[in-house]
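Below: one structure, written as structure tokens.
Coordinate-derived values only; no laboratory data. Treat the numbers as computed from the prediction; the structure is a model and nothing was measured. Methodologically, a virtual Cβ is constructed for each residue, glycine included, from the backbone with ideal geometry; neighbour enumeration extends over all protein chains shown.
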Amino acid sequence: MSYAIYPSLADKRVVVTGGGSGIGAAIVEAFAKQGARVFFIDVADTESRQLEQALSNEKHAPEFLHCDLRDAAAIEKAFDDIAGEAGSIDVLVNNAANDDRHRWDNVSAAYWDERMAVNLRHQFFCAQAAARRMRMRMRMRTQ
Ligand SMILES: NC(=O)c1ccc[n+]([C@@H]2O[C@H](COP(=O)([O-])OP(=O)(O)OC[C@H]3O[C@@H](n4cnc5c(N)ncnc54)[C@H](O)[C@@H]3O)[C@@H](O)[C@H]2O)c1
């Protein structure tokens with residue numbers, strides 16, 4: 001496949017959630033092909049390590065972080081690790097989800113909460129974690 005090249009994406013620090021497989025893996029690859037520095041978060045270790053390997057010759061080899069996005073403390077730690085290594089974050093792609101089909105009459109309160117945690121809650125906390133680190137960088141620039 002051939003790609004248009006967008007020079008403004010080169011060296012951008014990009015975080016992709018659920019980047020180990022499916023649409024997320026395609027997003028990781030597309031940013032890596034633009035020369036961006038990609039960090040991707042997932043629980044699927046085997047697929048994620050294979051993706052790291054497949055893209056290891058790109059300008060910046062994408063880096064996998066194992067993190068269960070249902071765990072807000074683990075999200076904070078993952079963003080700390082990324083910002084610690086890369087300095088800050090420029091782009092966040094909130095992609096992870098688990099689109100499980102179900103019958104409405106089988107939904108329990110526990111199942112509802114688990115679906116919200118895997119499909120919605122982390123989207124806010126990843127945005128919060130990324131925005132805090134972007135703001136820190138802006139403050140440092142203006143000092
Ligand atoms: N709007 C639409 O029509 C439409 C269609 C297809 C997909 N989507 C959305 O696009 C996104 C990607 O879809 P996909 O088909 O590639 O899904 P997928 O299930 O193939 O991939 C999702 C990825 O998220 C990861 N993941 C799931 N739970 C996680 C957790 N708790 N912590 C960390 N990682 C976790 C999985 O391991 C997987 O790698 C999803 O948000 C999906 O809902 C939307």
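Any idea how far apart Arg135 and Arg101 come out in nm if each label point goes 7 Å out from Cα toward Cβ?
Placing both labels 7 Å beyond Cα along the Cβ direction yields 4.3 nm.
Given 0.36 nm per residue, what is the gain on full extension from Arg49 to Met1 after removing their alpha carbon distance, in nm? Intermediate values should be presented prior to the final figure.
Details: separation 48, 0.36 × 48 = 17.28 nm, distance 2.24 nm.
Answer, rounded to one decimal: 15.0 nm.
For Ala73 and Ala26 in the same chain, what is the full-extension length gain: residue separation times 0.36 nm, less their Cα-Cα distance, in nm?
Length gained between Ala73 and Ala26: 14.2 nm.
Taking a ≥ b ≥ c as the square roots of the Cα gyration tensor eigenvalues, with a/c under 1.5 meaning rounded and otherwise prolate when a/b beats b/c, else oblate, which class fits the chain? Numbers along the way, then the final one.
Working: a/c = 2.20, a/b = 1.37, b/c = 1.60.
The shape class here is oblate.
Calculate for the chain the 222 nm mean residue ellipticity that helices alone would give, adding -39,500 (n - 2.57) per DSSP H run of length 4 or more and normalising by residue count, nearest 500 deg cm²/dmol.
Mean residue ellipticity, 222 nm, calculated: -14500 deg cm²/dmol.
Below 16 Å, Cα to Cα, which lysines can Lys33 reach? Residues fewer than 8 away in the same chain don't count.
Lys12, Lys59
Projected onto the charge dipole of the range 22-108 (+1 at Lys/Arg Cβ, -1 at Asp/Glu Cβ, origin at the Cα centre), which of Ser48, Leu65, Ala26 gives the Cα projection farthest towards the positive end?
Positive-end residue among those listed: Ala26.
In the chain, which whole DSSP H runs stretch at least 15 Å along their own axis (Cα) and average 1.0 or higher on the Kyte-Doolittle scale?
Membrane-span-like by this rule: 22-33.
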